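These notes are about the structure you will find just below.
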Amino acid sequence: MMQKLANFITKYAWPIFIVIILITIFAGMQTRNLKIEDDITKYISEDDPDIKFYSEVIDKFGGSQMNVSMISLEYEDLFTLENLERIKSITERLEKAPFVKSVNSFLNMPKIITTDVGLEVKDLVEVFPENDEEAKELKISLLNDKLVKGKFISEDGNVALLMVESVKDIENEDLKVGLENIIEPIKGQTLQVHYFGMPFIMAEMSEGSWKTIRLGIIAAILVLLILFFCFRSVRGVFLPLAVALLSSVWVMGFVASIGRSATMMISAIPVLMISLATAYGIHFISRYYEERHNLNPIKAVNMTIRNIFVPILMSALTTMAGFLSLTAAIVRPMTEFGFFSTIGIFFAFVLATFLLGSFFTIFPPPKIHKKFSQESNDVVTRLLRLLSQLILKEKKIVLIAILIIIVISVAFSTRVKTESSIEARMGAGSNIVKIMNYFNDKFGGTDFLYVYTEANNVKNPYVLRQMKKIGDYSRQFDTFGEPSSITDFLTQLNDAMENKNIIPASEQKIDNLWFFAGDNEYISTMIGDDNEDTLLQISTKEMTSTSLDHAITEMYKFIEGIPKKVRTIEFSEIEEDEQSEYYQKLAEEIISSLMVKNIEIENPERLKEELVKIAETPNSEFEKNTKEFVEEILKVSSLEIEDLGIVSTDLFPIFANYITEKGSQDDLLGELMENLTLSEDDAIYLLEGLEISKKIVQDREKVRFAQSETERLIGKNLTGEEKDILWYLMDEEIYVPDDNGDIMVSFTLTGIPVITDKINTSLFRGQAKSIIVAFIAVSIMLMLQFGSLLLGLFAMIPITLTIVTAFGVMGLLNIDLNIGTIMVASIAIGAGIDYTIHYISRYKNELKKRSKIEAMKITLTGTGRAIVFNSVSVAAGVFVLGFSEIQMMAVFGKLIGSVMLLSVIYTLTLLPILLNSIKLKEEGK
């Protein structure tokens with residue numbers, strides 16, 4: 001079989017050579033169409049439930065993070081009329097740009113305006129300031145606006161944020177240029193302007209990937225120098241490199257020709273091919289030069305192919321198995337990298353056999369350097385002879401040293417953790433990460449976690465209060481920034497109307513509030529069709545994967561604990577003996593609402609008892625015989641008083657006496673008619689207004705007492721918003737869990753953070769699967785090749801120890817598992833096993849003619865030299881990736897290089913000891 005292949009290659013050398021050149025030209029032309037993008041939503045299958053759900057939510061509500069750009073403009077003083085006009089002009093021009101779908105800024109946020117006839121809700125741009133004084137008033141207003149502060153205006157009030165959603169069919173680079181062309185000429189005297197978002201991240205990653213691909217040139221030069229040292233001939237230098245370069249061109253041309261974009265991990269393939277694929281050339285040429293000492297050119301090619309084809313084939317197959325095992329993972333960069341690298345290794349094997357065989361047939365070297373004879377005495381050979389002596393004389397020391405290294409490695413490997421954040425991928429010093437941290441500092445995050453809320457009516461008070469709770473709970477985690485939803489608008493509006501910063505418990509009150517929203521575009525887009533769904537949006541920082549996983553896990557737990565079916569109980573409908581239970585529900589709702597704000601309550605039961613006691617106390621008990629109490633009632637009744645043309649100071653002594661003496665309403669009515677000269681109808685009108693106002697102030701006093709008692713019991717002063725939660729005591733309706741309830745609601749987490757968290761989890765599973773698949777596949781191949789179960793298992797020991805040591809180094813140096821580093825183990829199994837294959841193959845051949853000791857010496861100085869040259873070449877090549885601007889690629893290259901060197905060390909020290917300990921069938925033949 002091998003003889004027929006050798007004869008075919010030598011017979012058709014010229015046609016083979018020409019076909020290879022033509023394929024290379026075609027592949028090179030295809031590489032111009034290569035497109036690199038790193039869309040994290042495409043890391044896992046589009047059929048994945050989380051991906052599908054995210055896509056459905058984005059299709060419904062818009063704002064796909066893949067198409068949203070964040071633009072910050074920082075001024076020394078944003079709130080001058082000139083700078084606000086600039087923001088307005090930029091917003092208007094962006095909205096008119098053909099590549100822009102929508103623009104959100106503080107200018108189109110709803111603004112609650114007090115007018116002579118009540119309240120109005122308008123876009124802020126409709127009440128735009130006309131001078132610097134109004135601009136300063138606007139600043140004060142916006143920095144107290146939940147919809148704007150920390151979301152569209154930084155908390156210091158000097159940075160404006162524009163959220164620009166672009167159309168889907170624009171290239172990231174074109175979008176970047178288009179935005180800059182609009183903004184830069186009219187931005188004015190900004191301190192700094194930053195552009196961020198997935199379009200910019202992907203553009204940066206694409207640029208970094210192309211720079212990484214170009215590192216292949218440096219790798220090629222480095223490998224070229226090493227090959228010159230190894231072979232000291234033009235052919236020995238350029239031919240292994242030609243195999244590597246051509247295989248790189250072929251595989252990148254193949255990627256481009258299938259017409260799909262690739263992730264940034266593809267950019268490592270050229271460097272990896274230049275490093276790994278040279279191995280086949282090195283082993284072929286090294287063996288050819290050995291044969292050429294004793295044979296003519298054609299016979300040397302024939303003998304080389306016969307002796308080296310199977311070891312190279314097995315090396316290629318095991319390396320391919322290592323790469324192909326990565327396709328067992330569900331994370332696209334891993335599967336994609338594994339598949340295309342497998343194709344690349346196959347190309348390298350074909351080229352090493354057919355290109356080199358045909359080349360040496362057509363252009364045989366006139367003479368061979370002496371160092372390729374077994375009598376060579378160069379530095380590498382002398383070192384390998386010393387190594388053989390060490391193995392023979394100090395076997396125990398070698399084994400003890402290896403054992404110590406492994407024990408230490410196992411201990412440190414437990415410290416390795418997964419991390420796939422942008423900072424982990426790009427590096428803390430990258431421009432993208434610096435800008436991201438700027439946005440995190442100014443606006444609390446750059447990603448968004450969405451809580452998709454679905455109900456038969458999302459405007460129901462129960463649904464809205466639960467959304468508010470979820471948003472408040474999210475603030476407990478450093479991973480998350482400010483939540484945003486329709487609850488912000490409603491609480492703000494309710495605060496303006498009733499001075500209560502809460503969601504009312506009454507559906508009618510909610511409807512009244514919603515009426516004011518009118519046709520405000522921002523508010524209307526937050527509610528789905530038929531009021532059946534809405535989104536709670538939580539800004540998310542790029543935190544560590546551990547923090548993100550913890551935060552999302554806790555959010556899931558919290559949401560799971562929210563009753564999904566409830567019914568309404570109205571206070572007016574319950575019997576007196578059941579009121580205590582009603583009040584307990586109110587108290588529980590207050591306590592849970594305080595606790596989600598991360599308020600520690602040491603004795604919730606004690607607080608509950610006190611709140612129930614306060615709730616049961618009649619409102620009249622909170623009436624006060626004080627000047628302040630009376631003045632507050634008159635203030636609440638100001639509209640009625642002004643309507644009748646009465647001066648409050650005239651009314652004060654009359655009403656104060658009524659409160660002090662606890663007089664009757666008839667007496668008060670007479671006093672009003674006599675002392676204020678009111679008609680009976682006007683007096684009744686004023687009396688009714690005063691009585692209503694008195695009840696309102698009694699409610700206020702009751703709530704104030706509840707607030708002070710709550711602060712006393714928890715030992716902490718509450719903020720204004722926290723105090724307002726005590727208004728729940730006055731609720732006329734409660735919502736209780738009931739499987740047959742008519743109010744149904746569900747909450748589902750989605751967004752890039754959820755997908756990222758799933759990818760982090762998948763990395764562990766993907767790593768385990770790929771390592772197991774690679775280990776089993778390679779073990780089976782070795783057992784079949786060597787015809788021995790024991791020899792196959794022995795062959796796996798050096799590479800297994802290599803992987804353990806590599807993980808130990810990762811733990812020692814705090815190197816995280818990410819899309820790149822997690823593939824190292826599988827690649828190490830596939831590529832590192834090559835040294836074992838070549839060593840055992842040569843050792844078995846030598847064992848047929850020599851004793852074990854002599855066979856080991858010849859193998860170490862012969863094939864061992866090629867292994868050393870190959871490992872140094874591979875390590876040097878992939879170490880070049882350390883210069884990549886993408887940190888993930890840099891660490892990946894350093895790890896692969898280190899692993900290849902470790903593999904050689906274990907192969908040339910431990911494997912000879914293991915082989916000497918067993919009897920092989922080749923002995924004595």
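Quick one: order 303, 796 from most to least accessible surface, probe 1.4 Å.
From most accessible down to least: 303, 796.
How much length, in nm to one decimal, is gained on full extension between residue 410 and residue 768, taken as 0.36 nm per residue of separation minus their Cα-Cα distance?
127.2 nm
Considering just Cα atoms, how many Å³ per residue does the convex hull of the range 137-204 enclose?
Dividing the Cα hull volume of the range 137-204 by its residues yields 117 Å³.
If you find the alpha carbon centre of the range 162-185 and of the range 397-439, how far apart are they in angstrom?
Distance between centres, Cα-based: 36 Å.
Kindly rank 240-253, 196-209 from highest to lowest mean number of other beta carbons found within 10 Å of each residue.
240-253, 196-209
Test of the criteria: in the range 699-753, which GluC sites (Glu not before Pro) are in a DSSP loop and have at most 14 other Cβ atoms within 10 angstrom of their Cβ?
Passing sites in the range 699-753 are 732.
Hey, what's the chain come to in accessible area per residue, 1.4 Å probe, Å²?
42
What distance in nm lies between label points placed 7 Å from Cα along the C-beta direction at residue 652 and residue 385?
It works out to 11.4 nm between the two label points.
Among the lysines, which fall within straight-line cross-link reach of residue 919, defined as a Cα-Cα distance under 19 Å, with same-chain neighbours fewer than 8 residues apart omitted?
Here the lysines satisfying the reach criterion relative to residue 919 are 395, 844, 848, 849, 852, 857.
Could you tell me which GluC sites (Glu not before Pro) in the range 570-630 are loop residues by DSSP with no more than 14 other beta carbons within 10 angstrom of their beta carbon?
575, 600, 602
Give me the one-decimal nm value for the distance between modelled label points at residue 132 and residue 613, 7 Å along each residue's Cα-to-Cβ direction.
It works out to 5.8 nm between the two label points.
Which sequence of 567, 712, 332 reflects their accessible areas, 1.4 Å probe, from the largest down?
712, 567, 332
Answer with one residue from 467, 413, 477: the one whose Cα lies farthest towards the positive end of the charge dipole of the range 405-480, charges on Cβ with Lys, Arg +1 and Asp, Glu -1.
The residue sitting most towards the positive pole is 467.
Tell me, rounded to the nearest percent, the portion of alpha carbon pairs in the range 1-101 spaced more than 24 Å apart.
Tail of P(r) above 24 Å: 65 percent of Cα pairs.
On the full set of protein chains, 1.4 Å probe, figure out the accessible area of residue 606 and give it in Å² to the nearest 10.
Here the residue's solvent-accessible area equals roughly 90 Å².
Could you work out the relative contact order of the range 100-251, using alpha carbon pairs under 8 angstrom and six or more residues apart, expressed as a whole percent?
Worked out over the range 100-251, it gives 17 percent.
Using a simple charge model, +1 on the beta-carbon of Lys and Arg, -1 on the beta-carbon of Asp and Glu, nothing else, what dipole does the chain show about its Cα centre, in debye to the nearest 20?
For the chain, the charge dipole is close to 13380 debye.
Quick one: Cα centre-to-centre distance for the range 614-637 and the range 196-250, in angstrom?
Cα centroid to Cα centroid, the span is 82 Å.
With the convex hull built on the Cα atoms of the range 398-472, state its orientation-averaged projected area in nm².
Spelled out: convex hull of the Cα atoms, projected over all directions, averaged, 10.0 nm².
Give me the extension gain from residue 293 to residue 675: residue separation times 0.36 nm, minus the current Cα-Cα distance, reported in nm with one decimal.
Answer, rounded to one decimal: 124.4 nm.
Given charges of +1 on the Cβ of Lys and Arg and -1 on the Cβ of Asp and Glu, with all other atoms neutral, how large is the dipole of the range 689-813 about its Cα centre, in debye to the nearest 20?
That gives a dipole near 920 debye.
Give the calculated FRET efficiency between residue 96 and residue 59 to the nearest 0.05, with a Förster radius of 22 Å applied to their Cβ-Cβ distance.
0.35
Kindly give Rg over Rh for the chain, based on alpha-carbon atoms, with the Kirkwood expression for the hydrodynamic radius.
1.15
Ordering 510, 58 by accessible area with a probe of 1.4 Å, largest first, what comes out?
Sorted by accessible area, descending: 58, 510.
Give the relative contact order (percent, whole number) for the chain; include only Cα pairs under 8 Å separated by 6+ residues.
19
Determine the shape class of the range 451-551: with a ≥ b ≥ c the square roots of the Cα gyration tensor eigenvalues, call it rounded for a/c under 1.5, and otherwise prolate if a/b is greater than b/c, oblate otherwise.
The shape class here is prolate.
Students often check this: by mean Cβ neighbours within 10 Å, which of 164-172, 522-530, 894-902, 70-78 ranks highest, and how do the rest follow?
Highest to lowest by the protection proxy: 894-902, 70-78, 164-172, 522-530.
Which FRET efficiency value, to the nearest 0.05, is calculated for residue 761 and residue 913 with the Förster distance at 41 angstrom and r the Cβ-Cβ distance?
0.50
May I ask you to list the trypsin sites (Lys or Arg not before Pro) in the range 826-868 that are in a DSSP loop and have at most 16 other Cβ atoms within 10 Å of their Cβ?
Those satisfying the criteria are 848, 849, 850.
Find the relative contact order for the range 452-526 and round it to a whole percent, using C-alpha pairs within less than 8 Å whose residues are 6+ positions apart.
29
Residue farthest toward the positive end of the dipole of the chain, with Cβ of Lys/Arg at +1 and Asp/Glu at -1: which of 217, 262, 295?
Of the listed residues, the answer is 295.
The values are calculated or read from the model by the stated rules, or taken from the named source; none is laboratory data. Everything quoted here is computed from the prediction, not taken from an experiment. Cβ coordinates were reconstructed from backbone atoms using ideal geometry, including for glycine residues, and neighbour counts include every protein chain displayed. We work out accessible area using only protein heavy atoms, side chains counted, and drop any ligands, DNA or RNA first. Shrake-Rupley method; radii C 1.70, N 1.55, O 1.52, S 1.80 Å.
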